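Structure first, commentary second.
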Amino acid sequence: MADPARLAAVRVLLAVLPAGGDGQSLRDALPPALTGLKDSERGLAQDLAYGVCRHYRRLHHWLNSHLDKPLKSSARSVELAMLCGIHELWFSQRPAHAVVNAWPGVMRDLKAPWASGLANALLRQAADADVEAVLAAQKPAVRYSLPGWLWARLREAWPEQCHAVAAALLDPPPFTVRLSPEAPADGPQQWQQAGIEARQGDLAPSAWTLSPARAAAAVPGFSEGWVSIQDEAAQLPVGALLEKPLPRAARVLDACAAPGGKTGQLLERQPDMRLLALDASTQRLQRVADNLSRLGRQAALKTGDATQPQAWFDGEPFDAVLLDAPCSATGIIRRQPDVRWHRQADDIPALCGLQADMLDALWPLIAPGGVLVYATCSILPEENSEQIAAFLARHADARDDTPALADAAGGPGCQLLPGTGDYDGFYFCRLQKIGDNDPVQP
């Protein structure tokens, strides 16, 4: 009989990690592949797809070391199926004999009956392996399942923390929600009654880490609009923007707003603001509209390029700007493990150039005395502290006014690293525009 869950996982991985590169994202490839599967089958397929992306390099290294010769690129489906089987044996609680017996049949379903015996033999070896010893013997970039360029960047940027950061990027992400200020006071008690453990965040009071993880719609309060899925670190930029109260009916720009998590958070914190949500993609902007509809909030939505404000800016200055800039996403690799293999070293200079262009284009739109909060989900200094240091050197009317956090790893701004707490790697910096009456600080 066909094994629909395992077959679906292999087909997803073929789309995400094709032999020639340039694959789809997991977020795009997985949903259509899960259509028609039972709940238990969807869970298995998703676990395998995410798990192989997360542990790909360490699994691939072991597989190649136990093959007489590497598999041909035309046998990519067989190779990915092997990696799925090894992942199941090493990183799941499923009985080893059931896993070993399942994958030869999958090979036949993949129209590769020649690989059935090979799968049986290799998976038996994998089941007998001392996994901890195998992984400990691998070189760091392989052991942490990172591309060589990224491991080198982490060592250079964070020499004391690189091993802890790389190890944390292998962990499953925490399941964290944002609790609206208008939520019922007994919201956390409702979670406990539903069998959900909840721990309030240390950095953002609105953040609650829930266990076990579940579909968003299954969290009490989500459909009512007083719960949103959002990492604790990702909640900090809005907190920094609004730490000092904005004027009533302040004009605020949420640049690069999609999918709208921070858009909704801004309106929850200060409902009377006049908020413009800007994004370069009309399709992605629809996700902002959907999020606001669920929350019962309203904002002006506009499709536009943050580097070209002349095409959309109406001339009225903003009191505050939130720039959640495009970045390498290296801080959320455990949440999007395929980023490890899709992001390339050559991408970073172009991203840094785009970030600088956005900062320079948006800064003149801010009224004197106003603020701009710059944020990324990156852990690379060139996108974060170095980017802001260069911006400050270019703009004499800007100063770093970021709230101090004990967990911050470097400045200017605030850099959070994965593994420090129950949050992703993230960076933000609050920049104040010096007004005519403000003292210029050295």
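The values are calculated or read from the model by the stated rules, or taken from the named source; none is laboratory data. The shown structure was predicted, so the numbers you read here are calculated from the model rather than taken from an experiment. Here the Cβ is made from the backbone with ideal geometry for all residues, glycine too, and neighbour counts use every protein chain on show.
Of note:
- Top-ranked residue of segment 189-204 - restricted to ones that are without any contact (Cβ under 8 Å) to a residue 40 or more places away in the chain and in contact with a helix residue (DSSP H, G or I) (Cβ under 7 Å, 6 or more places away or on another chain), ranked as surrounded by the most Cβ atoms within 10 Å (Cβ to Cβ): Ala204
- If you check Ser65, Ser40, Ser73 for being modelled with pLDDT of 95 or more and in the same structural domain as Asp130 (by TED's automatic domain parsing), only one passes: Ser65.
- Positions within segment 1-59 being among the small types (Gly, Ala, Ser), part of a loop (DSSP other than H, G, I, E, B) and surrounded by fewer than 13 Cβ atoms within 10 Å (Cβ to Cβ), in sequence order: Ala2, Gly20, Gly21, Gly36
- Applying the set (1) surrounded by 21 or more Cβ atoms within 10 Å (Cβ to Cβ); (2) assigned to a helix (DSSP H, G or I); (3) polar (S, T, N, Q) to Ser145 leaves exactly one unmet item: (2).
- For segment 226-238, the candidate set comprises residues that are in contact with a Leu (Cβ under 9 Å, 6 or more places away or on another chain) and not in a strand (DSSP E or B); within that set, the residue that is surrounded by the fewest Cβ atoms within 10 Å (Cβ to Cβ) is Trp226.
- Residues (out of contact with any strand residue (DSSP E or B) (no Cβ under 8 Å at 6 or more places or on another chain) and either basic (Lys, Arg) or crowded, with 19+ Cβ neighbours inside 10 Å (or both)) located in segment 392-404: Arg394
- Within segment 340-358, residues that are closer than 26 Å to Arg57 by Cα have Cβ atoms under 9 Å from residues that are surrounded by fewer than 15 Cβ atoms within 10 Å (Cβ to Cβ) and among the acidic types (Asp, Glu) in these pairs: His342/Asp22, counting only partners at least 6 apart in sequence or on another chain.
- Given (1) in a loop (DSSP other than H, G, I, E, B); (2) of a type outside the set (Lys, Arg); (3) on the phi < 0 side of the Ramachandran plot, index of the condition Gln432 fails: (1)
- Only one entry of Pro173, Pro184, Pro188 meets the criterion of being more than 22 Å from the chain's Cα centre (by Cα) and not in a helix (DSSP H, G or I), and that entry is Pro184.
- Residue count for segment 191-218, restricted to those that are part of a strand (DSSP E or B), over 30 Å from Pro31 (Cα atoms) and among the small types (Gly, Ala, Ser): 0.
- Residues being free of Cβ contacts under 8 Å to residues at least 24 places away in the same chain and within 19 Å of Arg57 (Cα to Cα) - total across segment 116-138: 5
- Within segment 159-170, being within 18 Å of the chain's Cα centre (by Cα) and in a loop (DSSP other than H, G, I, E, B) holds for Leu169, Leu170.
- Test: residue in segment 128-138 that is modelled with pLDDT under 95, outside any loop (DSSP other than H, G, I, E, B), on the phi < 0 side of the Ramachandran plot and not hydrophobic (A, V, I, L, M, F, W, C): no
- Single residue of Leu83, Leu89, Leu154 found to be of a type outside the set (Phe, Trp, Tyr), touching a residue at least 24 places away in the same chain (Cβ under 8 Å) and not assigned by TED's automatic domain parsing to the domain that holds Ala49: Leu154
- Restricting Ala213, Ala207, Ala167, Ala152 to those that are in contact with a strand residue (DSSP E or B) (Cβ under 7 Å, 6 or more places away or on another chain), surrounded by fewer than 18 Cβ atoms within 10 Å (Cβ to Cβ) and within 22 Å of Thr420 (Cα to Cα) reduces the list to Ala213.
- Residues of segment 160-209 satisfying the condition of being farther than 19 Å from Thr330 by Cα and among the small types (Gly, Ala, Ser): Ser180, Ala183, Ala185, Gly187, Ala194, Gly195, Ala198, Gly201, Ala204, Ser206, Ala207
- Screening Gln387 with (1) touching a Leu at 6+ places or on another chain (Cβ under 6 Å); (2) free of Cβ contacts under 8 Å to residues at least 60 places away in the same chain; (3) not hydrophobic (A, V, I, L, M, F, W, C) gives one miss only, at (1).
- From the list Gly117, Gly85, the lone residue that is in contact with a helix residue (DSSP H, G or I) (Cβ under 8 Å, 6 or more places away or on another chain) and loosely packed, with under 14 Cβ neighbours inside 10 Å is Gly117.
- Residue-level check: of (1) surrounded by fewer than 18 Cβ atoms within 10 Å (Cβ to Cβ); (2) part of a strand (DSSP E or B); (3) not aliphatic (A, V, I, L, M), Asp407 misses just (2).
- Yes/no for Pro317 being closer than 19 Å to Ala234 by Cα and not small (Gly, Ala, Ser): no
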